[in-house]
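J.: This is the structure I have questions about; it appears just below.
The values are calculated or read from the model by the stated rules, or taken from the named source; none is laboratory data. Keep in mind that this is a model prediction, so the values were computed, not measured. For neighbour counting, all protein chains shown are included, and Cβ atoms are generated from backbone atoms with ideal geometry for every residue, glycine included. Protein only, heavy atoms only, side chains kept; ligands, DNA and RNA dropped before computing areas. Shrake-Rupley method; radii C 1.70, N 1.55, O 1.52, S 1.80 Å.
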Amino acid sequence: MNPAITLDQQYALKTAATRLEREFAGTFNVETIERFLHSSYDQFAGRAKVTTFLPLLAEKFARQRLSALARVEGKHLDGKPTVLFLCIHNAGRSQMALGFFEHYAGENAVAWSGGSEPGDQVNGEAIAVMTERGIDISNEYPKPWTDEVVRAADVVITMGCGDACPIFPGKRYEEWVLDDPAGLTATDIRPIRDEIERRVLALLDELHVAPRFTSSHA
C-alpha cells in the first residue's frame, strides 16, 4: 500500500505536471501527462524508504516514459539510436553502462536503464568506481522498465535478468554476461566497470556513433 500523499507532495506533483505539460505541449494532452506522472509516482511510492523526493523521481521517470512514447508513436523522430540497459536491480551494471554510454555518446544517441526488480538505491561502490573515471551516476535511481520504454529502444542490452527481461518482436537483444556488483568491493567492481566500458564503446561503434572522448582504459 502506498503512503498517503502529503499536501507538499500534492503541490510538488502539480508543479511537475505543469512543467511536463509545457515540455510536451502539442505532443500529448494534459490527461495523458497526468496519468503518466501519477503512475510513475505509484511505481516508487510503494518501495521508497524516504518519500521526500518522490515527486521529483516521478517527474523524471514520467519525462522519460513520455519521451519514449513520443518515439513509439512517431511524434519525435530524430534518428538517434536508442539503447535500453536492463539488469535485475538497476543499481549496478545497467547504471554503469548508462553512465558510460551518455558520457561517450553525448547528444548523438539516447539511452535509458531499468530493472526487473528495482532496488532502493544505486550501488555506492559502483558510484565510487565510476567517479574514478570522472562520471557521476550518484543522481541516478533504480527504476522499473515499462512497455513504452522497451518499445522505443532500438537495442535492448540485458544483464542477468533472464526470463524477467521483456521480449518484444523486432528488437535487437544482446545479453552481456557480467558479474553482479552487489556486495562486492570497489577493487572487485573495477574489472566489471572496465568490461562494461569496453562493450559500450564497441556498441557505439556498431551504431555508428562516434565517441566524444578517447578512452585509454577500454
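J.: To test your reading of the geometry: what angle, between 0 and 90 degrees and rounded to tens, separates the Cα axis of helix 54-72 from the longest principal axis of the chain?
T.: 80 degrees
J.: Here's a follow-up. I want the local charge near Ile192. Using Cβ-Cβ distances under 9 Å, sum +1 for each Lys or Arg and -1 for each Asp or Glu among the other residues.
T.: -2
J.: I've got another one for you. Relative to the longest principal axis of the chain, what angle (0 to 90°, nearest 10) does the C-alpha long axis of helix 7-23 take?
T.: 70 degrees
J.: Continuing with this model, one more query. Could you tell me the distance between the Cα centroids of the range 152-182 and the range 6-80, to the nearest Å?
T.: For the range 152-182 versus the range 6-80, the Cα centre distance is 25 Å.
J.: Say the dipole of the range 165-218 comes from +1 at the beta carbon of Lys and Arg and -1 at that of Asp and Glu; which of Gly170, Ala210, Ile196 then lies farthest toward its positive end?
T.: Ala210
J.: With all protein chains present and a 1.4 Å probe, how do Lys171, Lys143 order by accessible area, largest first?
T.: If we order Lys171, Lys143 from most to least accessible, we get Lys171, Lys143.
J.: Follow-up question, since we're still on this one. Kindly identify the range 50-175 as rounded, prolate or oblate by the Cα gyration tensor criterion: order the square roots of the eigenvalues as a ≥ b ≥ c, call it rounded if a/c is under 1.5, otherwise compare a/b with b/c, prolate if a/b is larger, else oblate.
T.: rounded
J.: Let me ask another. What base-10 log of the normalised intensity I(q)/I(0) is obtained for the range 52-105 from the Debye formula, alpha carbons as equal point scatterers, at q = 0.14, 0.24, 0.27 Å⁻¹?
T.: -0.50, -1.13, -1.13
J.: Here's something else I'd like to know. In debye, nearest 20, what is the charge dipole magnitude of the range 46-160 about its Cα centre with +1 on Lys and Arg Cβ and -1 on Asp and Glu Cβ, if you could check?
T.: 220 debye
J.: For the range 104-216, what is the accessible area per residue in Å² when the probe is 1.4 Å?
T.: 49 Å²
J.: For the chain, what number of Lys pairs, 8 or more residues apart or on separate chains, have alpha-carbon atoms under 28 Å from each other?
T.: 15
J.: Something else now. In degrees between 0 and 90, to the nearest 10, how far off the longest principal axis of the chain does helix 93-105 point, with axes built from Cα atoms?
T.: 80 degrees
J.: Going by accessible area, probe 1.4 Å, with all protein chains left in place, what is the ranking of Val149, Val72, largest first?
T.: The ranking, largest first, comes out as Val72, Val149.
J.: On the protein heavy atoms, probe 1.4 angstrom, tell me the percent of accessible surface of the range 36-143 carried by carbon and sulfur.
T.: Heavy-atom surface of the range 36-143 belonging to carbon and sulfur, 1.4 Å probe: 49 percent.
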